[in-house]
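Just so it is clear, none of the values below were taken in a lab; they were calculated from the coordinates. Please read all numbers here as calculations on a predicted model, not as lab measurements. Glycine also receives a Cβ, built like all others from the backbone with ideal geometry; neighbour counts cover every protein chain displayed.
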Amino acid sequence: MNAMDAVEVKEGVDQETVDAVKELSGAYKHGWETEIEMEYAPKGVNTDIVRLISNKNNEPEWMTDWRLSAFARWEQIEEPTWAMVSYPDIDFQDIYYYARPKSMEVKPKSLDEVDPKLLATYAKLGIPLKEQAILAGVEGAEDIPAEGRKVAVDAVFDSVSVGTTFQAELEKAGVIFCSISEAIEKHPDLVKKYLGSVVPPSDNFYATLNSAVFSDGSFVYVPPGVRCPMELSTYFRINAENTGQFERTLIIADKGSYVSYLEGCTAPKRDVAQLHAAVVEIIVEEDAEVKYSTVQNWYPGDENGVGGIYNFVTKRADCRGARSKVMWTQVETGSAITWKYPSCILRGDDSQGEFYSIAIANNMQQADTGTKMVHLGKNTKSRIVSKGISAGKAQNTYRGLVSMHPKAKDSRNYTQCDSLLIGDKCGAHTVPYIEVKNNSSRVEHEATTSKVDDDQLFYCRQRGMDEEEAVALVVNGFCKEVLQALPMEFAMEAQALVAISLEGSVG
Amino acid sequence: MALAKLKADVTEARLARLAMPDGAGWANAARADALARLQAMGLPSKRDEYWKYTDPTSLNAPDAPEAALFHSDESPLFDAVDRVRIVFVDGVFDADASDDLSAEGVEIERLADAMAADIHWVKDVYGVLEARGQTPVNRPFAAMNTAFASDGVVIRATAKVSKPINLIYLHQDVASDAILHNVVKVEAGAEVTLLETGPAAARFSKQLEVEVADGGTFHHVRAQGRDHERRAVTHCFARIGAGSTFKSFTLTFNGVLTRNDCIIEIVGDEAVAHVAGACVGDGRDFHHDDTVFITHDAVNCESRQVFKKVLRNGATGVFQGKILVKAGAQKTDGYQISQSLLLDDDSQFLAKPELEIYADDVACSHGSTSGAIDEEALFYLRSRGLPEKDAQSLLTLAFVAEALEEIEDEALADDLRDRLEGWLARHT
């Protein structure tokens, strides 16, 4: 039900205008759902459900035990309350922890066994045509020259991965890119060695829950010296109602390798909030580099704060080797609640961590996001650029930690957090923690909060732009530094998303 | 649950050693309310977010840890300034050592006398500002102070006060445990300067509540004494009205543990609040924590927080600063800077500079830096023939200067600068 429906149309205003405004106010474009037959595990979480999920994925015993011990731990810890977000209590027993399309009951041996409805879903989401052909299992699709740059996609639909593209081509380069359930089956040694080594099962409330019930996710292994021939991408879609999505991503960049990874997410519009608690672990060995880019566009709820995704995510990269490098770039426009702190542990000497973030909160959205840069190795460097934009009645918080340990000599951090407020009902907050335990390191932190500059707006409007366009332009300028850090295709999408997210926030 | 029980036990053990002074009905009620507040929140533990960087254990202990007396040949601070001296020895008012409690434009009384009067203006301030400052963050030591403060003064400025009032806190007993509470009310258009000097006690809990009416001006300059082993937990709660000015500066040398909380609420338009501090610490047994919380609840106001810390030989400096701009507090200009100069590799600086903003037409910023002395600057000075030690002192002094500049009175600033120079000369 749109709030606009209740508004009485004044005389002299034609229906077309009303419809146009209506169109704008419901700006979330991915709010439709796919009617597809689903298979659910019973609601709630307990050891039986954990076993069931493990069973469904044909997991070996060590994996089931790993999950069970995480679950035992989860039962003993309490939900954190320190973030500046407020939401009704989550009933963890009123959620489906496992949902998969019926057609996926038996894992398709090849992509042409995939339900066409699923593929249609991804087509609707605008996943490049080339990949659709592959997801649809078109004979010889792998050999069709890709339009522009190639991106390999792992698509996750509710609890399961429905298909991964370009696997063969990646295999030639030695890169393993598959769903995590497949990895547990085919590469147990790698999974055993690395899973939980960056985000241990006991890490925090949501990560622990994820460790117990994660149903699928993506797995990447880039062998020593290999530059991954194309960008890898995961596309997450929550479709089923009352479902929690718990995916787990594990990326390992071995010595001297390079990979760029993109992540996108959407969900249908619903008036009941849904939970998403993911864990991403990245291991970066000597001289390796990982770029991780996210465009998070989960359903944010309506303008009254009804529905939307509760996004509680733990993302962490461990720069284990010397001269390793990781770069997090995120554009956070969706979710009713965001609780997310992609972090870097700079363990290797001369390792580098970067964090570029745009967080937009409009209407009743609440975002508490930021990063942790933990400097352990000598001569490590980190850079944080965070741009928070609040509009409507939204609350947007940057929360971050920069920690220079005593042994992290000659290290360097630069942090810049800027907040922009649009309207006088929203809030922008900055909560940085700075811990410096040696004197050869330099730490600089800067933060500003301001509103959209009237002069800039006036200038744009003078040139014939309407107010909304003008604000979008100014905001895009404000975000420029972060947008530039995104891979090309994502930057375009993000820029458009920034404008859409702020629709209806002016005037 | 176990944690809550532990907290309750610690609180109970500490309270067992304290006695609540008796006064007029309203005064006893104010103290009882404060005790109830304290019991509801309990004394802090290191698990509390607000005590993340400072361990309150020694402040919680039933007995004050002993602190050796420190003797110095230097002349008392601000000796050359004409002022009203009010002396406390180990937290107890010393009438003989003090001047007459009078000056033009001001009324000064002992806290106990004010609290015994049936009708007194202090009723509207004592414990009132402290209670307001208990949200959104609990400050248990402040509530404890309100409940159990055994001495102090109440000061009411009715015009521009002719000379500064200097509270001098002497420390003479190695195991003294003092709780002092001072209240200042600056009436509309009045102006007063309050000086606080000295270590006071082995363990010192001190609170200052300041109400500044419209157009009033309050200057506060404090030097926390040089005793190496002393511990202090101090609070300043201020509420300032339209067009008023509040300026506070604190210089801290030495001290095992110093925690200074400053909580300012700006309730009138076009008011100005500045809080600044400099601390110089030498040695692993130096821990200094500045915690500031400024609330903007009016339009067109300005606030500044300027904190500089010079740390060496394993000293620890903490800064937790916050600017809260409430909805409707438009045209706020908020500025906050916290910087540390780490003179060696053992020292540490822990900071949490926060902004919480609910109004859009504001300009708020904060900055925080930490690092060593600039090698190039050092080289430059040495190439001009300055010995390394002098060059380092000069650069350190320059680093601290921005905070000292917050003191308006030149004479007071000069005296503090001289002491600082002396300290640096002895400690480099």
Revision key, fill the gap. Semi-axes in Å, largest first, for chain B (Cα gyration tensor, √(5λ)) are 31, 25, 24
Study note, to complete from the structure: On the formula 1/(1 + (r/R0)^6), with r taken between the Cβ atoms of B:ARG426 and B:PHE379 and R0 of 30 Å, the FRET efficiency rounded to 0.05 is 0.75
Review point. Taking 0.36 nm per intervening residue step and subtracting the Cα-Cα distance, what contour gain separates B:ASP361 from B:SER75 on full extension?
Key: 98.0 nm
**Study point:** Listed residue pairs exceeding 22 Å between alpha carbons, taken from B:LYS160/B:LYS185; B:LYS206/B:LYS352; A:LYS387/B:LYS308; B:LYS160/B:LYS309; B:LYS46/B:LYS352; A:LYS409/B:LYS46
**Key:** B:LYS206/B:LYS352; A:LYS387/B:LYS308; B:LYS160/B:LYS309; A:LYS409/B:LYS46
Exercise for review: Using a 10 angstrom cutoff on alpha carbons, build the Gaussian network for chain B and name the most mobile of B:ASN254, B:ASN313, B:ASN145.
Suggested key: B:ASN313
Review point. At a Förster radius of 30 Å, what calculated FRET efficiency corresponds to the Cβ-Cβ distance of B:ALA19 and B:ALA68, to the nearest 0.05?
Key: 0.65
Study note, to complete from the structure: Cβ-Cβ cut-off under 11 Å around A:SER54, Lys and Arg +1, Asp and Glu -1: the net charge is -1
**Study point:** Dipole magnitude of the protein assembly as shown about its Cα centre (Cβ charges: Lys, Arg +1; Asp, Glu -1), debye to nearest 20
**Key:** 2100
Point to revise | Label-reachable residues, segment B:47-70, where backbone N falls under 14 Å from a point 7 Å from B:ASP285's Cα toward its Cβ | key: B:65-70
Study note, to complete from the structure: Computed about the Cα centre, the charge dipole of segment A:384-492 from +1 Lys/Arg and -1 Asp/Glu charges at the Cβ has a magnitude in debye, to the nearest 20, of 640
Exercise for review: Please build a GNM for chain B, connecting alpha carbons under 10 Å apart, and tell me which residue among B:ASP227, B:ASP124, B:ASP73 fluctuates the most.
Suggested key: B:ASP73
**Study point:** Extension gain (nm, one decimal) between A:ASP410 and A:GLU446, 0.36 nm per residue minus Cα-Cα
**Key:** 10.9 nm
**Study point:** Cα gyration tensor of the protein assembly as shown - equivalent ellipsoid semi-axes, whole Å, descending
**Key:** 56, 30, 27
Practice item. State the answer as a single residue: which of A:GLN462, B:GLY371, B:GLY105 lies farthest towards the positive end of the charge dipole of the protein assembly as shown, with beta carbon charges of +1 for Lys and Arg and -1 for Asp and Glu, about the Cα centre. Key: B:GLY371
Check your understanding: What order do you get for B:ILE168, A:ILE90, B:ILE155, A:ILE389 when you list them from fewest to most C-beta neighbours inside 10 Å?
Key -> A:ILE90, B:ILE168, B:ILE155, A:ILE389
Revision key, fill the gap. In debye to the nearest 20, the charge dipole size for segment B:2-374, taken about the Cα centre with +1 at each Lys and Arg Cβ and -1 at each Asp and Glu Cβ, equals 840
**Study point:** Of the trypsin sites (Lys or Arg not before Pro) in segment B:265-343, those whose Cβ has at most 14 other Cβ within 10 Å and which sit in DSSP loop
**Key:** B:ARG284
